[in-house]
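Shown next, in structure tokens, is the structure this report addresses.
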Amino acid sequence: MGAFLRALRASVLLAGFYLLGLGLLAALAVADWAAYTWTPSSLALKLYVVSALLAVPIVRGMFMLRTPKDDEAHGVLVTEEREPRLWRAVRDLADRVGTRAPDEIRLTADMNAAVSEDARFLGLLGGTRRLYLGLPLMAGLTEAQLRAVLAHEMGHYGNADTRLSAITVRGRVQVARTIAHFEERAGGKVAKERAKQEKKNAKKLARGKEAKEVDTTGVGLTYRAMARIYRAYGHFYLRATLAASRRQELAADLAAARIAGRDATAAALRGLPALDAAHGFYMSSYATLGVGAGLLPPRGEVFGGVRHLLAARADELAAMRRDLPTEPASPYDSHPPVAERVARLESLPDDGRASEPALPALDLLADAHAALAAVEDVSLTPEALRMRRVGWPELVHESMTAHFAREAEPLRRATAEVAGGEGSLASLLNALDLGVGWEIADQLPKSEQAGAAKGRAAREFARPVLRRGLARLVAGELVARGVARWELSWSEPAALVMPDAYEERLPDALDAAVADRPDTAPLRALLATPA
């Protein structure tokens, strides 16, 4: 099938969303007319109500094909005056791809780059074109690799395949958006009813009455029925355009290789899954580590700090780049498996560009630090922006100290409940000496299996939990005395560093304190050792 026919098929299938809605509305109108003509007025009135309930999700579904208001442009808009080199590179790529350059470039906090348009008329006509460029992605790529990524994204709208291919691209975006909105709306009605029933049950329980089982079986039945029809048609559209979309992805890869070089394009593709995984790990383990303590990294480092992790874990990332996904992300994914795409690129003839200098992609920016700080300002919540900023070493030390204190809190409460007082480390050690440590351990949260255990088995379940809580209390005490300190590592988990004398004796002292016959003397002696 030629490119024109593929684009025509995609257009007809996309228009089918509206035709489906109009057809369903026409069917309801015919049913209402039949009810008016041949049924009693009381029954006809009931049928009119049912038709109105069915018509609401149909009409809403037709309007969902429009770009929703909450899909507004995000990120930091950068002008050509502010980022001349970046704009020159993007314009040059667009010209070489054979498409018009983006109207806007927006810097984001994502590990991603994308080109989008404010499509009109079912996505068939383009509008404002935007390039969204994630600064974390730039931190992980060379300039040549970034050019390959951008050439690929703009290739979907260029002559590298066909101008008509953009219709399929826009159409798939609109369909995916519609399906997502339907699923959100249908699920929202069920969630709303569930919350309503749970609130009623809570009131009944408060009055000493028996609560009813939450039942959402019939909630939003008409809406869910219509949503199911639209989802089925949307999936049909995605399946019908899948082969063409995957061919376009491969064509965009070839365009990127032609412009940025075979090796740079293949390297970028190999790196994207690894970079995405590294970014997720960085955001959860480093960037937001101090949120619980009200701390954030220095300005510009919340999203920019990922470059430290990438540099320190280069060997791990290299191994991940070798192990590529061999299956699509989903049955409807427009992208072929990464392994297949890389294999096609690496089978191309050598273009002699492997020796080109590997300049950092962030060098395309006039001031990378200022750009990272500006992206923070528009990406973080107002609450996050008000948090205290500290350097990475201090962030790790304060955050881990607070984290260990929170983890030790259940043991503090259990100690206070059994032995009285405030549940301090000294109180716990005294309780262990008195032989009530297992009573304290019994108050701690436990698994279902541990809760069912009795006698010796119960003690063996409780021992590691008690030891872990005790270790956290001891760590807090050593940190408070200035004997120990948490140290940052970009290649390993944060480590509690203390003098060798403490580090060597602490494990045995903890074991002795939670033994069947507890002996806290070694731990007390260690805590009394001068720093």
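Take each of the peptides 99-111, 508-520, average the number of other beta-carbon atoms within 10 Å over its residues, and list them starting from the highest.
The peptides rank, most packed first, as 99-111, 508-520.
Of the listed peptides 130-136, 459-465, what is their order by residue-averaged count of other C-beta atoms within 10 Å, with the highest listed first?
130-136, 459-465
What figure in square angstrom, to the nearest 10, would you give for the accessible area of ARG505 with a 1.4 Å probe?
Estimated to the nearest 10 Å², ARG505 gives 100 Å².
Please enumerate, by chain and number, the aspartates and glutamates with C-alpha under 19 Å from the C-alpha of LYS189, excluding those fewer than 8 residues away in the same chain.
GLU198, GLU213, ASP215
Can you compute the modelled spin-label distance between GLU210 and ALA27, with each label point 7 Å from Cα toward Cβ, in nm?
Roughly 4.3 nm, to one decimal.
Between segment 244-313 and segment 40-56, what is the C-alpha centre distance in whole Å?
Centre-to-centre distance over Cα atoms comes out at 54 Å.
In what order, largest first, do LYS46, LYS209, LYS189 sit by accessible area if the probe radius is 1.4 Å?
Order by accessible area, largest first: LYS46, LYS209, LYS189.
Test of understanding: what is the full-extension gain from ALA453 to ALA358, defined as 0.36 nm times their sequence separation minus their Cα-Cα distance?
Result for the pair: 28.2 nm of gain on full extension.
Cα gyration tensor of the chain, axes a ≥ b ≥ c as square roots of the eigenvalues: rounded (a/c below 1.5), prolate (a/b > b/c) or oblate?
Verdict is oblate for the chain.
Could you give log10 I(q)/I(0) at q = 0.15, 0.16, 0.21 Å⁻¹ for segment 267-373, computed by the Debye formula over C-alpha point scatterers of equal weight, without solvent?
Taken in order of the listed q values, log10 I(q)/I(0) reads -0.86, -0.94, -1.20.
Would you list ASP263, ASP333 from the most to the least accessible area, probe 1.4 Å?
Heavy-atom accessible area, descending, gives ASP263, ASP333.
Lys and Arg at +1, Asp and Glu at -1: add these up for the other residues within a Cβ distance under 14 Å of GLU409 and post the number.
Summing Lys/Arg as +1 and Asp/Glu as -1 gives +2.
The values are calculated or read from the model by the stated rules, or taken from the named source; none is laboratory data. All values derive from a computational prediction rather than experimental measurement. Quick reminder, even Gly has a Cβ in these numbers, built from the backbone with ideal geometry, and neighbours come from all protein chains shown. Areas reflect the complete protein model, heavy atoms only, side chains present, ligands, DNA and RNA absent. Shrake-Rupley method; radii C 1.70, N 1.55, O 1.52, S 1.80 Å.
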